[in-house]
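What follows is a single structure, written as structure tokens, with notes after it.
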4 protein chains.
Amino acid sequence: MEIRSFKEVVLKYKTVFFDAYGVLKNHRGLIPGIDKTFEHLDKHNIDYYIVTNDASRSPELLANVYRRKGLTCIDAEKIVSSGMLARDWLYMKIKSGRVAYLGTDESAHYIESTGLKTMPISQLDLDDIDDIRALVFLDDEGFDWNNDINKAVNLLRKKNIPTIVANTDLNYPVSRTDVAVAVGGISDLVERTLGKYFIRFGKPDAQMFMYGYEKACLRQYVHPDEMLMVGDTLFTDIIGGNKFGMDTVLVLSGNTLPENAEMRISYTGIIPTYICESILT
Amino acid sequence: MEIRSFKEVVLKYKTVFFDAYGVLKNHRGLIPGIDKTFEHLDKHNIDYYIVTNDASRSPELLANVYRRKGLTCIDAEKIVSSGMLARDWLYMKIKSGRVAYLGTDESAHYIESTGLKTMPISQLDLDDIDDIRALVFLDDEGFDWNNDINKAVNLLRKKNIPTIVANTDLNYPVSRTDVAVAVGGISDLVERTLGKYFIRFGKPDAQMFMYGYEKACLRQYVHPDEMLMVGDTLFTDIIGGNKFGMDTVLVLSGNTLPENAEMRISYTGIIPTYICESILT
Amino acid sequence: MEIRSFKEVVLKYKTVFFDAYGVLKNHRGLIPGIDKTFEHLDKHNIDYYIVTNDASRSPELLANVYRRKGLTCIDAEKIVSSGMLARDWLYMKIKSGRVAYLGTDESAHYIESTGLKTMPISQLDLDDIDDIRALVFLDDEGFDWNNDINKAVNLLRKKNIPTIVANTDLNYPVSRTDVAVAVGGISDLVERTLGKYFIRFGKPDAQMFMYGYEKACLRQYVHPDEMLMVGDTLFTDIIGGNKFGMDTVLVLSGNTLPENAEMRISYTGIIPTYICESILT
Amino acid sequence: MEIRSFKEVVLKYKTVFFDAYGVLKNHRGLIPGIDKTFEHLDKHNIDYYIVTNDASRSPELLANVYRRKGLTCIDAEKIVSSGMLARDWLYMKIKSGRVAYLGTDESAHYIESTGLKTMPISQLDLDDIDDIRALVFLDDEGFDWNNDINKAVNLLRKKNIPTIVANTDLNYPVSRTDVAVAVGGISDLVERTLGKYFIRFGKPDAQMFMYGYEKACLRQYVHPDEMLMVGDTLFTDIIGGNKFGMDTVLVLSGNTLPENAEMRISYTGIIPTYICESILT
């Protein structure tokens, strides 16, 4: 496939969804020069959202990271995170009681904002779980894996409650070379240990794209085929965008390397509409 | 869990989604007496849809089956089939060329209604595939499995095209005791043989529920928590409805037997809001 | 990794296991010149066996194919096929009654040679299954997939009997470009449709290597680390040989292409002891 | 299926393999009265071995636990642990350098007994890994999951080395109600995070049964169909024993409860030769 200019390709669309890591930022921080790409979008009246598997902190805090680094056009309204889907689910389905979670205090914001009481697994007394109504996997940090993963397993053996995974990713990059296991991987471990089935939110699941789509439509009506998903990963961004009916751009600035993009597309059968070096060009 | 009366439970909801097999019909045909349930719904102004993993024939023909058997309140507008999602995807994403398929002529209606040209795999010449733009798995009938499954495998080895599965079910009942392999199972076989990733439509995927939800909202606005999904299978109907944020009823008139409903709920962690014997009570 | 000369590498070993397809033969037949390699082995007193996932015909008939093409050193004693493991299992575990199968008449030899009565699924009367003691998946040919796969599913729903898969491969090559679904893939389809667990024989499973090892030891005692497995596929030959404790050669004359051998080894973590172009060099 | 007397059933066999947990011991320790069963075996000259997925300590220490509790007939020669297979593999395949591991110091015995140098992941410097030749998952205890699981992931990203799983179990019981995640589950998490393929030792894999079989044959020659595998778990003990060609006993004193044994056998298609309440009867 031909490498295309992102700034040209994007002109055909009304609304763009950007994956965060590998597209807007990398291990060093914001990719230098992307502010010019956002100016280009603003100038051509193209709407945009950051669609990210992340429940580590609130949309406001996620947006602040971009603003502090100089991308002032990003506010909480521009963020679509898998944590928001988990939050809405809890709001709809759990009306009382406490919600246990694995994650940081910051990530617990997603539960607290629904008005529900939260309980970190570390502080949970397994003999006092009558009013525990759900368990949520929010973030890989903020708890002791040795103790709390086993405690989560045994909570679910004692009480059959809905279990929500607020980020389905298996890992995330922490430096140029290193990755860390993400909370999606930890939830898989618990799910397989138990043989149960959890409720999972995050790309490539259609619900994530639908959520972003509805948000975009509140500003201006747009049809899926006037929208573009931009991502660095075939298995989340591209297959998810394709299935939702959007056109897709695979960028080579992150997870998929220029030297094996073609081969991966051919092996997986996951075919982006376009390939671009990055969103800078 | 307590067994509840469906006719009572349903009064709390504005809109109901029914799975077809095991809920409305079984191997003998329509479950006798369900017309009374639909009268009950009409009387209380409760809207309803049949949400079914089926791409074997058009919504019109699917509706006709109910009408012919005396359920005259069902017309094509009441049908939400996984074939309709496949159809819409093709309409959005494929603009020209031919679409290859596995299934009956009747099932090919879903492709033809988009204006695209169709080509059953059996008649495809593997040396003339330049204008083949997609492959669709529609139905388990209408083709020779020995020849045409292998031919589909080799088409996808020769040409990297989007592949759509219009019904994700692994099997379906054909008599009181027997089942048949469904097209979802056949597509799995091809996918695993190739190591590729197909685009799959059908419960429990959220897109199916979203499609029905949007259809329901065209008639009257409804919030997901005012809706009820009724099904006989934990792995498709109940987990899908739960994830979408609807309340759910597990009926014991189909795939889940009264004697092991509790145990399956406990093992799988897939928890319906209610259990009812059937929709008759 | 460095490309090594097979004829040099092999001198360090007492016994060699060869995969068949991609190593000894390809879509055109026997790879020209391999008789010289076998002369080299004979000259240096290196013992050898063909270890193959194949239950399509008896060891005698498998050996005949090589002999007819001029590789006269191959006789039935040199063949280790997954069909032989299935045969031995049936001999040990099934003492009476009939054994149902999917495959050709030739493949049924593996059952008949145990003295058991065979019954092709196509001729089975599902109302007369009292004395059916096992089901065996032998070959992808010799039966009507549309009818007989569903019939196998329903046999196993009616009667809980051991089910044996005599070849675990998902596909096999039929020409330079084309493959066919193998019986291992068909058995997966049936297993997933039912949610049951079958007994599977074939590489990379250790039992296959153990079987060949015991055969080799009957001729002369050998320790696994004096043995070499030669194959073209990381997922069967190499991981299986490695796990059994043998050294392994990945040849680039079949399934693994020279241009992506390194990358596949790195991605999969399946590391052969050596890489050779083919067994000719 | 009829419930049989173990002491009667066992008289037909020359050699018995016992799973440990759920058969010989439970959360309270040794099951009271099993010494009588072992006297029965000794009296009838029936040989026995404990075949266990365990790499937490040496065969000597594993045997000591039984001896200290009064089962004096058990010594290290009677133990077949998955750790022993990992040990033998390392001995055959790794000739120099250091072996990194996750587990307790006691579990590292399996590596040290081969003469290889060991390095707990916690103390490994990721910039000094030139002589690290393999990674071994030994036990779920003895390391900090938060740090060391991620460190193991990044070791394998930096260096493509064989990775051995010395116990494939997903979990193990720690009290009447609670379980803990086992090292097999942790290795799955790392494997899936990386997309790599590890070498796994433990039931139901045939290599485990072969190892025990060879050990038994050193004492007296026995044919697999003169042997009996006794276990409480269909997915490890029973399917593994069945596949190896042994007869099998499912006991109801552990993981499989009397009330759903029949149903699980029917659902899974994993059929033991006999069902016994426990080995006491």
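Counting from the shortest, the label point at B:D178, 7 Å from Cα toward Cβ, is 3.1, 5.3, 6.1 nm from the same position in each remaining copy.
Residues in region C:264-272 carry Karplus couplings, in order, of 5, 4, 5, 5, 8, x, 9, 10, x Hz; the curve used is 6.51 cos²θ - 1.76 cosθ + 1.60 with θ = phi - 60°, and Gly or Pro positions show x.
Normalising the average separation of contacting C-alpha pairs (under 8 angstrom, six or more residues apart) by the number of residues puts the relative contact order of region D:1-106 at 24 percent.
Report, in listed order, any pair from C:K117/D:K14; B:K196/B:K243; D:K196/D:K243; C:K243/D:K203; B:K25/C:K196 with a Cα-Cα distance greater than 23 Å. Going by Cα-Cα distance, C:K117/D:K14; B:K196/B:K243; D:K196/D:K243; B:K25/C:K196 fall outside the 23 Å limit.
In loop segments of region D:1-80 as defined by DSSP, the trypsin sites (Lys or Arg not before Pro) with at most 12 further C-beta atoms inside 10 Å of their C-beta are D:R28. For region A:83-200, the relative contact order works out to 24 percent when only alpha carbon pairs closer than 8 Å and six or more residues apart are counted. Just to be sure I understand: of the beta bridges DSSP finds with both ends in chain A, what percent are antiparallel, rounded to 5? Around 10 percent of the beta bridges assigned by DSSP in chain A are antiparallel ones.
For the protein assembly as shown, the antiparallel share of DSSP beta bridges with both residues in that region comes to about 10%. Label points for D:L11 are taken 7 Å from Cα along Cα→Cβ. From this copy to the others they lie 6.3, 6.7, 9.2 nm apart, shortest first. Other residues with beta-carbon under 14 Å from the beta-carbon of C:G115 carry, at +1 per Lys or Arg and -1 per Asp or Glu, a net charge of +4. Between C:L11 and B:K159, the FRET efficiency estimated from the beta carbon spacing at R0 = 41 angstrom works out to 0.35. The alpha-carbon of D:K69 sits under 13 angstrom from the alpha-carbons of these aspartates and glutamates, leaving out residues fewer than 8 places away in its chain: D:D35. As a proxy for reagent exposure, B:F235, D:F6 were ordered by neighbouring Cβ count within 10 angstrom, fewest first; the result is B:F235, D:F6.
Computed 3J(HN,Hα) for region B:105-111, one whole-Hz value per residue from the Karplus formula 6.51 cos²θ - 1.76 cosθ + 1.60 where θ = phi - 60°, is 4, 4, 5, 5, 3, 4, 7, glycine and proline marked x. The Cα center of region D:205-262 and the Cα center of region A:115-194 differ in position by 35 Å.
Using a cutoff of 8 angstrom between alpha carbon atoms and counting only pairs six or more residues apart, the relative contact order for chain B works out to 23 percent.
For D:D125, the point set 7 Å out from Cα toward Cβ sits 4.8, 6.9, 7.9 nm from its twins in the other copies, listed from shortest up. Proximity of backbone amide H atoms, modeled 1.01 Å from N, is registered between D:V179 and D:V174 at under 5 Å, excluding neighbours fewer than 5 places apart on the same chain.
Summarising the rotation from chain B to chain C, the nearest chain B beta-carbon to the axis and its distance in Å are given as B:W145, 2.
Could you state the number of Å between the C-alpha centres of region D:19-71 and region A:54-88? Centre-to-centre (Cα) distance: 57 Å. Note that region C:141-149 has calculated 3J(HN,Hα) couplings of 9, x, 8, 8, 4, 4, 7, 7, 5 Hz, one per residue in order, obtained from phi through the Karplus relation 6.51 cos²θ - 1.76 cosθ + 1.60 (θ = phi - 60°); glycine and proline are x. Give the calculated FRET efficiency between D:E77 and D:D105 to the nearest 0.05, with a Förster radius of 25 Å applied to their Cβ-Cβ distance. Once the sixth-power term is evaluated, E becomes 0.55. In chain A, helical runs assigned H by DSSP with n ≥ 4 each contribute -39500 (n - 2.57); averaged across all residues and rounded to the nearest 500, the mean residue ellipticity at 222 nm is -9500 deg cm²/dmol. For region C:1-132, what is the percent of antiparallel DSSP beta bridges, rounded to the nearest 5? Bridges in region C:1-132 are about 15 percent antiparallel. Helix D:82-93 and the longest principal axis of the C-alpha atoms of chain D enclose an angle of approximately 50°. Neighbour counts of other Cβ atoms within 10 Å put B:R200, B:R98 in the fewest-to-most order B:R98, B:R200. Among the listed pairs A:K215/B:K215; C:K7/C:K215; B:K93/B:K151, a Cα-Cα separation exceeding 22 Å is found for C:K7/C:K215; B:K93/B:K151.
Taken together, the values in this text are just the output of simple stated rules run on the coordinates, not laboratory data. These figures come from a predicted structure and were not determined experimentally. FYI the Cβ positions are ideal-geometry reconstructions off the backbone, even for glycines, and counts take in every protein chain you see.
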